[in-house]
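Beneath this line is the structure, given in structure tokens, with notes to follow.
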Amino acid sequence: MEETIKEPTADVRSHVREHYGKIAADFQAGAQATCCDPADATTDCCEPEATVSIDQIVTLYDATDAVELPDEVTGLSLGCGDPVTLASLRPGQTVLDLGSGGGIDCFLAGKRVGDTGRVIGVDMTSQMIEKARANKAKVGAENVEFRLGEIEHLPAADQTVDVIISNCVINLSPDKEQVFREAFRVLKPGGKLAVSDIVTDGPLPKEVKESFAAWVGCVAGALDISDYVAGLKQAGFIDIEVIPVYFDEATIIEAAEQTGFSDVVKTADQSLFKSVFSAKITAIRPNS
């Protein structure tokens, strides 16, 4: 009988809030934030190669206007995909970003929806909200606002949003089913969910699932893709589509070294290299 792997027993949400709050508080323009904590001596998480350049940001985003954003914005990009392009936004739409961080996806979305549209970024970390609001002033994004709140309890009214986006954040929530229910609640009938997220396909090693370091690095909290789709369906979503984006082997090995799991990867079979991936996920709230 396969051993049941339990999620960490400590308060995941508080740990994630503290961790990403520290990232925001310590961030300086001209540098690049990472999921890692330089003060954490228990992992090799923060080697210099863990940083991400503006060239890599542009590669991640199909939107070339990412180049025009200042270092204060691109340096706090901690995502795993491009939900803005995935969402196929149109002028005049209202967009809500789950876990908006420093605001990069909100500012890119704001350009897509234009002056008649509106973008709401929600983040549970007060330090990130402070950075994002400062970035808004710097960018001059009048159609973007940031609200402090948890993605499990969104500070938004029922059926007021056309599109929900999110970039490598839902996997960090300890209650993903509640996130899906909240997303469904605030979307208008016919509204769209478009997220990039880390998911799994098959079981992960026990050491990874039980590690907070891996959790805040987007791995241990990831749902199996079948459970992810089932959760969306249970919340009421239809027309669910998933496009996997697999990491190359070198990237996985490097990530394992940065989070202290190089031994796990070295002893695993090849299936592990496709057991964690970034997924482009879209879903629709029915019209009725």
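See the values below:
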{"item": "Cross-link pairs LYS111/LYS192; LYS188/LYS233; LYS136/LYS280; LYS111/LYS131 - those with Cα-Cα distance over 22 Å", "result": "LYS136/LYS280"}
{"item": "Separation in nanometres of the label points that stand 7 Å from Cα toward Cβ, at SER288 and GLN234", "result": "2.7"}
{"item": "Radius 10 Å from Cβ of SER88, net charge of other residues (Lys, Arg +1; Asp, Glu -1)", "result": "+3"}
{"item": "Protection proxy ranking of 106-114, 129-137 - average other beta-carbon atoms within 10 Å, highest first", "result": "106-114, 129-137"}
{"item": "Packing-based ranking, highest mean first, of 116-125, 151-160, 276-285 given that Cβ atoms within 10 Å are counted", "result": "116-125, 276-285, 151-160"}
{"item": "Difference of contour (0.36 nm per residue) and Cα-Cα distance, ASP158 to THR116", "result": "13.1 nm"}
{"item": "Protection-proxy order for peptides 95-103, 237-245, each taking the mean of Cβ atoms within 10 Å per residue, highest first", "result": "95-103, 237-245"}
{"item": "Two-site FRET efficiency, GLN178 against TYR246, from Cβ-Cβ distance with R₀ of 30 Å, rounded to 0.05", "result": "0.55"}
{"item": "THR85 paired with LYS138, simple spin-label distance in nm, labels 7 Å along Cα-to-beta-carbon", "result": "2.4"}
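We did not get these values from a lab; they are worked out from the coordinates using the rules stated. As the structure is a prediction and not an experimental result, all values here were calculated from the model. Virtual Cβ from ideal backbone geometry, glycine too; neighbours counted across all protein chains shown.
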